[in-house]
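K.L.:
Next up is a structure, given as structure tokens.
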Amino acid sequence: MFEKTFAGIPALALCAVLATAQNAPITLTVHADEAAHPVSPMLYGLMTEEINYSYDGGLYAEMVRNRTFNGSWDGIQSWYLVEDGNAAAKIQPDRTTGPSAALPHSMKLTVEKADPANEAGLLNVGYWGMALKANTAYKGSFYAKTDTAEMGQVRVSLVQNDTGRVVARTTVSGLTSDWKQHSFTLMTAGDIQPSAANHLVLTVGHPGTVWMGLVSLFPPTYHDRTNGNRIDLMEKMAAMHPQFLRFPGGNYLEGDHINERFEWKKTIGPLVDRPTHPSPWNYHSSDGMGLLEFLEWCEDLKMQPLLAVYAGYSLKGDHVEPGAALEPFVQDALDEIEYVTGGADTKWGAERVKDGHPAPFALKYVEIGNEDWFDKSGSYDGRYAQFYKAIKAKYPALQLIATAPVKGTTPDVLDEHFYVRATQNFHDATHYDKTDRNGPKIFVGEWATREGTPTPNMGAALGDAAWMTGLERNSDIVIMASYAPLFVNVNPGGMQWESDLIGYDTLHSYGSPSYWAQVMFGEYLGDQALKSESAGAGDKFFYSITKNVGKKQVYLKLVNASSLAQPVTIDLGGAQVAGTAKLVSLSARDTQATNTINDRERIVPVDSTVQAGSKFSHTLPPYSIQVLQIDEK
Ligand code: AHR
């Protein structure tokens, strides 16, 4: 070993050099009492849409897949026939009858032979299974009718895929020849391990015909909401301290074609009155996550809704010409705003009250369309102007966001999107440094460093963090920003877009390194950006310095994207500060390192304390994102 050399350096000496290898020191001078500008309190929020099974099979906690029998495979996807013992039956979709005008079809179960010991029926495999835990109540319902008064009860069971063991069972009686909703609760056994390898079975023990529609099953949800959300995913979002939710898209707002857009009026009220619709991400949306559910999600996480309204352009290029043809779409947007904000004395406010939410929601931002730079017809100038005029006339306080630069009208806010590699974000950390402060405010409505799949790796997190230092430094003009996409179901076939912030399967979820960078930046946002200078920084070091004036805390967000340690001398210009500072650190050995569904906490922030003072030295490890919280005396 001693004989081995590299470039003439003995191996042991080389090891010593490498162990201490570091970049040249940087000096960071912070003016703790000099604000450059206020930090936008709305800076970090969430952008979501139905993509990667974000709602169905994701946040929206429904366990039954294709619950209305209108997914693909002619309505039977995820449903299978059950024939116990010597029972004989068949199932087929029936387009002639269904539980409502909105859901005019159903699954017809024709039972030729069955008795209580040999039942027949159908089963649902869920979204890559059904996650069950011990001693837990699962609440469900189905719509049904039968052609025979003798049909008797429907047995409802949760069954383990691998063992066939029934882990929860109940019965429902009272089927008649009319469509009716039947509710049930399934309580799981106390001795089961958490698992997604389960399915739902509905059986009868008598010959005859039964039609089934809208079969639903929910686990406990966040804040115990009926028709609510997965608890783990809501908790992950809450940890990001998001200030707003941009919804319902994205491409999902626009649909591939005009008649496949997010038609909000078809997403409110009882589930049985929601017709469901195809989404541009190649699967059918249940519309269980409807307009009111989005708003309640905002309420649960104390976020402002940022409502995107359909503006007459769909993804495959269809557009509506400004003028009379566009007027119904403008009216639809006005109705939507009224549903969100109107009192019980307004037509659409009264609908919201009827849907169970008496209090109006506060709304400040409305976005007109999505990525309308794709509209090569040039109609967006006219479309934006028409929406702008009508909305401002009725709601002058609303801030209206344009999705592309427009001529003729000055938008209040412009939405810009960036999907890039880490290197580009290192260069682009200064992107908004020279932006005209007299133009529209900026909303970075979609952005991400796209490295790593299904969720980004540490290299991407470094790109993200560099970019966010630029957003904070420019948050006088950049008032809001949201990473996209937020979610991905990592099961086979779940992903349509590579690189998504939070991954999950049916049972578990995890945050990517990029997610943790967002958690750190969101938690230590501050309300003032402080003046500062740096000397000696190379092209892989980034920082943002903010202060929470009320708490008398200065936050240094430091990013070392280099493979070497980075010493920094921090000079607070004589400010009186506590002798120790809190350090939150996210780092990895290399840029490829990542978290996965099977290794969910490999890279997570670690809290510690470091010696501090009005001038002190601190060394960042290679590939690290850190927040130093310095308390003023
Ligand atoms: O975030 C994924 C997609 O990227 C969005 O739906 C769309 O707005 C953008 O092109």
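K.L.:
Being of a type in the set (Asp, Glu) and under 30 Å from Ser617 (Cα atoms) is the filter; apply it to the stretch 17-62 and report the residue that is farthest from the ligand (Cβ to nearest atom).
P.N.:
Asp33
K.L.:
Now for a different question. Using the structure shown, decide if Asp505 is more than 15 Å from the ligand (Cβ to nearest atom) and not assigned by TED's automatic domain parsing to the domain that holds Thr596.
P.N.:
yes
K.L.:
Of the residues Ala189, Ala149, Ala197, which single one is over 30 Å from Ser482 (Cα atoms) and at pLDDT below 95?
P.N.:
Checking each option against the conditions leaves just Ala149.
K.L.:
Additional query: Are any residues in the stretch 81-104 more than 20 Å from Thr203 (Cα to Cα) and surrounded by 16 or more Cβ atoms within 10 Å (Cβ to Cβ), and if so, which ones?
P.N.:
Residues satisfying the conditions are Ser100, Ala102, Leu103.
Here is a yes/no grid of residues against (1) under 23 Å from Arg246 (Cβ atoms); (2) outside any strand (DSSP E or B); (3) free of Cβ contacts under 8 Å to residues at least 12 places away in the same chain; (4) within 16 Å of the ligand (Cβ to nearest atom):
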residue	(1), (2), (3), (4)
Glu472	yes, yes, no, no
Ser482	yes, no, no, yes
Val488	yes, no, no, yes
Asp500	yes, yes, no, yes
Gly522	yes, yes, no, no
Leu530	no, no, no, no
Asp539	no, yes, no, no
Tyr555	no, no, no, no
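K.L.:
Counting only residues that are of a type in the set (Gly, Ala, Ser) and modelled with pLDDT of 95 or more, which one in the stretch 8-35 is surrounded by the most Cβ atoms within 10 Å (Cβ to Cβ)?
P.N.:
Checking each candidate, the answer is Ala35.
K.L.:
Has the stretch 466-480 got any residue that is among the hydrophobic types (A, V, I, L, M, F, W, C), under 18 Å from the mean Cα position of the chain (by Cα) and over 17 Å from Leu414 (Cβ atoms)?
P.N.:
no
K.L.:
Just to check your reading of the model, which residue among Gly323, Gly356, Gly343, Gly349 is within 22 Å of Lys392 (Cβ to Cβ) and touching a residue at least 40 places away in the same chain (Cβ under 8 Å)?
P.N.:
When all the criteria are applied, what remains is Gly323.
K.L.:
Turning to a different aspect of this structure: How about the stretch 271-293: which of its residues are within 16 Å of the ligand (Cβ to nearest atom) and hydroxyl-bearing (Ser, Thr, Tyr)?
P.N.:
Ser279, Tyr283, Ser285 - these are the residues of the stretch 271-293 that are within 16 Å of the ligand (Cβ to nearest atom) and hydroxyl-bearing (Ser, Thr, Tyr).
K.L.:
Say whether the condition of being within 24 Å of the chain's Cα centre (by Cα) and surrounded by fewer than 22 Cβ atoms within 10 Å (Cβ to Cβ) is met by at least one residue in the stretch 341-350.
P.N.:
Taking every residue of the stretch 341-350 in turn, at least one turns out to be within 24 Å of the chain's Cα centre (by Cα) and surrounded by fewer than 22 Cβ atoms within 10 Å (Cβ to Cβ).
K.L.:
So, one more: Applying the selection to the stretch 367-381, what residues are assigned to a helix (DSSP H, G or I) and either on the phi > 0 side of the Ramachandran plot or surrounded by fewer than 19 Cβ atoms within 10 Å (Cβ to Cβ) (or both)?
P.N.:
Trp373, Phe374, Asp381
K.L.:
What is the number of the single condition among (1) closer than 15 Å to Glu523 by Cα; (2) surrounded by 14 or more Cβ atoms within 10 Å (Cβ to Cβ) that Pro567 does not meet?
P.N.:
So the condition that Pro567 fails would be (1).
Residues checked against (1) crowded, with 24+ Cβ neighbours inside 10 Å; (2) assigned by TED's automatic domain parsing to the domain that holds Arg473; (3) within 14 Å of the ligand (Cβ to nearest atom):
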| residue | (1), (2), (3) |
| --- | --- |
| Tyr365 | no, yes, no |
| Lys394 | no, yes, no |
| Leu400 | no, yes, no |
| Pro411 | no, yes, no |
| Val420 | no, yes, yes |
| Asp433 | no, yes, no |
| Gly445 | yes, yes, yes |
| Ala461 | yes, yes, no |
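K.L.:
Provide a single number: the residues in the stretch 203-256 that are within 16 Å of the ligand (Cβ to nearest atom) and of a type in the set (A, V, I, L, M, F, W, C).
P.N.:
Counting residues in the stretch 203-256 that are within 16 Å of the ligand (Cβ to nearest atom) and of a type in the set (A, V, I, L, M, F, W, C) gives 3.
K.L.:
I need the strands (runs of 3 or more DSSP E) fully contained in the stretch 192-255, keeping only those with at least 2 residues that are under 19 Å from the mean Cα position of the chain (by Cα).
P.N.:
244-247
K.L.:
Considering Ala529, Ala537, Ala561, which residue is touching a Leu at 6+ places or on another chain (Cβ under 7 Å) and under 19 Å from Ala466 (Cβ atoms)?
P.N.:
Within the list Ala529, Ala537, Ala561, the selection yields Ala561.
K.L.:
Would you confirm whether or not the stretch 269-282 contains a residue that is of a type in the set (Val, Ile, Thr) and under 28 Å from Pro104 (Cβ atoms)?
P.N.:
Within the stretch 269-282, one or more residues are of a type in the set (Val, Ile, Thr) and under 28 Å from Pro104 (Cβ atoms).
K.L.:
Taking the conditions exactly as written (farther than 27 Å from Lys364 by Cα and surrounded by fewer than 24 Cβ atoms within 10 Å (Cβ to Cβ)), does Pro322 satisfy them or not?
P.N.:
Criteria not met by Pro322.
K.L.:
Another question, then. May I ask you to list pairs of residues, at least six apart or on different chains, whose Cβ atoms are under 9 Å apart, with the first in the stretch 416-427 being modelled with pLDDT of 95 or more and in a strand (DSSP E or B) and the second being acidic (Asp, Glu) and within 16 Å of the ligand (Cβ to nearest atom)?
P.N.:
Glu416/Glu446; His417/Glu371; His417/Glu446; Phe418/Glu446; Tyr419/Glu446
The values are calculated or read from the model by the stated rules, or taken from the named source; none is laboratory data. The structure displayed is predicted, hence computed values, not measured ones. Neighbour counts are summed over all protein chains in view; Cβ atoms, including those assigned to glycine, are modelled from backbone coordinates with ideal geometry.
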